[in-house]
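Undergrad: Below is the structure I would like to discuss, written out as structure tokens.
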């Protein structure tokens, strides 16, 4: 009798163990998404916005019955913007949280470190912010996708705008790691194609600042005393805020030089600077909430403002877009199996607030429209807006696959 | 000439902020023998509290006046309840504690004020810029350049002529002897820690109008401050001043003339000093 009881307990245990750990086919098991963003340090507000965008998208998906009838669950981890931490939290998502897919990544440094790990983890990664061309280029692989604009696409727009300017000599102010250096390299390449006589200051005379810099005065002085009359600024986040504030005080925006800020239209930055952001400056972004009149965009902006009381940033849009892309891929292949999702994401086209995007099957980079604009004051908005707006189609700014160096295996 | 002056002022104004942080760090180390990793976080807390007072009252001066004493009060609690049980025990325990405090404070401000960046306007009287030859230079930075030596002078007078200053120096030189002649060392320790924290918070409040206030803003400055303290000599007062100036100027002129190695310059200097004068430029020989 006692033995029988013991056996019963044992059977129960084994069955439940199987059910929780191995199962996976149970209809009520949620789809788990692991998000990895910068949640601490000087770039933490990007993580906050991304989290908001992700939560909004998940709420919408769940309200419509989830993905293939399964609820979506989110896990958020902090990469701290460091490659080693990034790899650790991705592993944690896959092994501990049991994530079906991983999304996010702000820093190009982290993205470049994480992408190769995905082939080992055999889990799809959808990058929503980091812009290094490598992850859909030399380091591209079966499991790594990107729904946001990359450096090439953004800089192609910068070069198109720069080509119309009467600038003789260009210099740059950028973060002293791959993102800043690659932005400057591609700018030289792309602008030279359009304007063979464009002059660029040599490496020793441009201004690359370490990411931890808070005092930019010496870099500003350096640019102001150089002979350059055009400046490409690829600083972002807290760096850009500090740079702009100090540059305003030092008379940098005195009209003597043309300025292009590749990520100046991030609402994270615009909210922090408010009226301190000078007007009439060309700024780029990966998504601008006023650039698109489609119902999809209107619904997104309205829902976002209603819920969070701020306008969505491009990072919020990136996270939102990744969740929607994943859901669409799952519906397309009728499964959330990791290998099948990869097939579903390849060549996927969907309508997003930013416009229609297509994920190229050859390199997994999204072909998506881009926006640049000139900063302007508008009493209807608490932050600087873009006026005029210059829109570029994905087709005209995305380099052909052959140029990316991607060899998909 | 213009570029030279601009670089000079850039370096001096950054150096003066470094000086305010380093002097607190070096006093706390000199008197108490504690390496305070949380010092950068106290700097950050000073900036946040200043920002909060500016929001409430609209006046930067109120923030500068009222923020730092609050940070000093926090420091009193830290010293009394966390540091005190660790005196006389292994130094690594103190390091662990102050490192933990740093993480705790960094996340604490994020809980209260959020992860977003905040902006503090400089006071109206200092918000313009002045013409230096052909270039304009922000008045607020010049204010920092002038303020630094004034603070240094005030501190020097305090240490040289007041009773408390002399007690502090006595305790720094020989803790046991000071205790024997009747100095109440525990009270002195609390006061020193609070004073150092107050200086860091003043630095934070002064930094707020020219850089964005955000979590982890103390990280960069604490690393450079440690370099300043080591270069100048652990516990040395003039050492902190000279070290901060050297680092500030290295930062500004390095950017212009040696951009490729600018990031490494402070560390190269650090290594050179450690090899040739392990006790720092002004360190006392034992």
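The values are calculated or read from the model by the stated rules, or taken from the named source; none is laboratory data. Nothing here was measured: the structure is a model prediction, and the numbers come from that model. Please note: Cβ atoms are built from the backbone with ideal geometry, for glycine as well, and neighbour counts cover all protein chains shown.
Undergrad: Being in a strand (DSSP E or B) and under 30 Å from residue A:270 (Cα atoms), is that true of even one residue in region A:395-406?
TA: no
Undergrad: How many residues are touching a helix residue (DSSP H, G or I) at 6+ places or on another chain (Cβ under 8 Å) and crowded, with 17+ Cβ neighbours inside 10 Å when one looks only at region A:169-189?
TA: 12
Undergrad: For region B:208-222, name all the residues that are more than 7 Å from every other protein chain (Cβ to nearest Cβ) and either closer than 14 Å to residue B:248 by Cβ or assigned to a loop (DSSP other than H, G, I, E, B) (or both).
TA: Within region B:208-222, just B:221 meets the criteria.
Undergrad: Which pairs do you get when a residue that is more than 9 Å from every other protein chain (Cβ to nearest Cβ), found in region A:213-230, comes within reach of a residue that is in a loop (DSSP other than H, G, I, E, B), reach meaning Cβ atoms under 6 angstrom, with the pair 6+ apart or on two chains?
TA: From region A:213-230, the pairs are A:228/A:201; A:229/A:167; A:229/A:168; A:229/A:257; A:230/A:167.
Undergrad: Could you list all residues from region A:242-253 that are under 15 Å from residue A:174 (Cβ atoms) and facing chain B (nearest Cβ under 7 Å)?
TA: A:242
Undergrad: Another one. Does region B:35-42 contain any residue that is under 22 Å from residue B:226 (Cβ atoms), within 14 Å of chain A (Cβ to nearest Cβ) and surrounded by 21 or more Cβ atoms within 10 Å (Cβ to Cβ)?
TA: Among the residues of region B:35-42, at least one is under 22 Å from residue B:226 (Cβ atoms), within 14 Å of chain A (Cβ to nearest Cβ) and surrounded by 21 or more Cβ atoms within 10 Å (Cβ to Cβ), which makes the answer yes.
Undergrad: Scan region A:40-50 for residues that are in contact with a strand residue (DSSP E or B) (Cβ under 6 Å, 6 or more places away or on another chain) and surrounded by fewer than 24 Cβ atoms within 10 Å (Cβ to Cβ) and jot them down.
TA: Within region A:40-50, just A:40 meets the criteria.
Undergrad: Quick check on residue B:214: is it in contact with a strand residue (DSSP E or B) (Cβ under 8 Å, 6 or more places away or on another chain) and farther than 16 Å from residue B:273 by Cα?
TA: Yes: the conditions hold for residue B:214.
Undergrad: Just need a number here: residues in region A:274-302 that are surrounded by fewer than 22 Cβ atoms within 10 Å (Cβ to Cβ) and either at negative phi or outside any loop (DSSP other than H, G, I, E, B) (or both). Break it down into steps so the answer makes sense when it comes.
TA: The first filter runs over region A:274-302 and keeps only residues surrounded by fewer than 22 Cβ atoms within 10 Å (Cβ to Cβ), leaving A:274-276, A:278-281, A:290-296, A:298-299, A:301-302.
Pick out the ones that are also either at negative phi or outside any loop (DSSP other than H, G, I, E, B) (or both) and you get A:274-276, A:278-279, A:281, A:290-296, A:298-299, A:301-302.
Summing the residues that are surrounded by fewer than 22 Cβ atoms within 10 Å (Cβ to Cβ) and either at negative phi or outside any loop (DSSP other than H, G, I, E, B) (or both) in region A:274-302 gives 17.
Undergrad: Same structure, new question: Does residue B:109 satisfy the condition of being touching a residue at least 12 places away in the same chain (Cβ under 8 Å), more than 10 Å from chain A (Cβ to nearest Cβ) and assigned to a helix (DSSP H, G or I)?
TA: yes
Undergrad: I've got another one for you. Looking at (1) modelled with pLDDT under 95; (2) under 30 Å from residue B:255 (Cβ atoms), find the lone condition where residue A:172 falls short.
TA: Here residue A:172 clears every test but (1).
Undergrad: Among B:43, B:99, B:81, which is the only one that is closer than 30 Å to residue B:9 by Cβ and either assigned to a helix (DSSP H, G or I) or at pLDDT 90 or above (or both)?
TA: B:43
Undergrad: Of the residues that make up region A:309-326, is at least one away from chain B (no Cβ under 14 Å), over 30 Å from residue A:99 (Cβ atoms), buried (at least 18 other Cβ atoms within 10 Å of the Cβ) and in contact with a strand residue (DSSP E or B) (Cβ under 9 Å, 6 or more places away or on another chain)?
TA: No, region A:309-326 has no match at all.
Undergrad: For region A:30-56, what are the residues that are without any contact (Cβ under 8 Å) to a residue 60 or more places away in the chain and more than 10 Å from chain B (Cβ to nearest Cβ)?
TA: Selection gives A:30, A:55.
Undergrad: Within region A:123-134, how many residues are at pLDDT 95 or above and either in a helix (DSSP H, G or I) or more than 17 Å from residue A:365 (Cβ to Cβ) (or both)?
TA: Residues meeting the conditions: 1.
Undergrad: Right, another one. Looking at region B:230-240, can you tell me whether even one residue there is under 30 Å from residue A:38 (Cβ atoms) and either within 14 Å of chain A (Cβ to nearest Cβ) or surrounded by fewer than 22 Cβ atoms within 10 Å (Cβ to Cβ) (or both)?
TA: Filtering region B:230-240 down to residues under 30 Å from residue A:38 (Cβ atoms) leaves none.
No: zero hits.
Undergrad: Still on this model: Give the residues of region A:254-273 that are assigned to a loop (DSSP other than H, G, I, E, B), within 13 Å of another protein chain (Cβ to nearest Cβ) and buried (at least 24 other Cβ atoms within 10 Å of the Cβ), sorted by residue number.
TA: If the condition is that a residue be assigned to a loop (DSSP other than H, G, I, E, B), within 13 Å of another protein chain (Cβ to nearest Cβ) and buried (at least 24 other Cβ atoms within 10 Å of the Cβ), then A:266 is the only one that fits.
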